[in-house]
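Enquirer: I am attaching a structure below and will ask some questions about it afterwards.
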Amino acid sequence: MVPDWPPLADLKREWVRMGPERFAAKYPDPILYVCGLLKASFAPADKDRTRGMTPIPSFEGFVKRSRLVGDKVIPLIPSAGTRVTLGSHPECDVMVPDLAVSHTHCAIETGPILTISDSMSTNGTWINEERIPAATSVPLMELDLICLGRYAFRLFRSASALVRHPDPTEGLRLLPSGQRKPPKPEQTPTPPRVADDE
């Protein structure tokens, strides 16, 4: 299992203290930054595979809970070869503690081009709010949003790219902690209609 690196705030301090060149040499690997947790959402399950209700990502808003998530930075360092496995099983390179995540949920192939493939997971792997086909390699780009279960990760090519980025959660609709629904837009009351005098 891949150990977590220091939190983002500590990495930023280290980047200032060490300087960009030494920092880049120490942390050269691509990384996943844990942005937050998705709102819980449920839909009828595929009867051929599971029973009852299946959790699916809800992109209406994200709940950032520092106690559960924090500013975790996870290096994509494979334990063997070039493949990094993500899932709920302790033997995965990146363990995602979520009941909606399969034992071996997906895998990221490292190298000059990063690709991700879903390992026939029950609830799917989502890239930028779109579910990717199972058992198919899909190329990844920097700043892609990867969602497994309720966990939302953002991909960076290196720790240097992360510490230089002004806001790694940019573009996410973050909700205040504990809020279950996004606030409804205020509606202007319409004035009553007055009948025309004839």
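Enquirer: Show H89, H103 ordered by accessible area, largest first, where the area counts protein heavy atoms only and the probe is 1.4 Å.
Expert: Correct descending sequence by accessible area is H103, H89.
Enquirer: Taking θ as phi - 60°, what are the ³J(HN,Hα) couplings along region 110-116 by the Karplus curve (6.51, -1.76, 1.60), each to the nearest whole Hz, with x for Gly and Pro?
Expert: Rounded to whole hertz, the list is 8, x, x, 10, 7, 10, 10.
Enquirer: Heads up, I need the accessible area for L143: 1.4 angstrom probe, whole protein in place, Å², nearest 10.
Expert: 70 Å²
Enquirer: Okay, next question. Round to the nearest 10 and report in Å² the accessible area of D144, as given by a 1.4 Å probe over the protein chains' heavy atoms.
Expert: The value for D144 is about 20 Å².
Enquirer: So if each residue of separation counts as 0.36 nm, and I subtract the Cα-Cα distance between E91 and D167, what length gain in nm does that give? Working shown, then result.
Expert: Numbers: separation 76, 0.36 × 76 = 27.36 nm, distance 3.16 nm.
Using 0.36 nm per residue and subtracting the Cα-Cα distance, I get 24.2 nm.
Enquirer: Would you mind estimating how fast region 85-172 diffuses translationally, via Stokes-Einstein at 25 °C and 0.890 mPa s with the Kirkwood radius over Cα pairs, in µm²/s? Show your work: numbers first, answer last.
Expert: Numbers: Rh = 13.4 Å.
Using the Kirkwood radius from Cα pairs, D works out to 184 µm²/s.
The values are calculated or read from the model by the stated rules, or taken from the named source; none is laboratory data. These numbers were taken from a predicted model, which means no experiment stands behind them. Note: accessible area is taken over every heavy atom of the protein model, side chains too, but ligands, DNA and RNA are not part of it. Shrake-Rupley method; radii C 1.70, N 1.55, O 1.52, S 1.80 Å.
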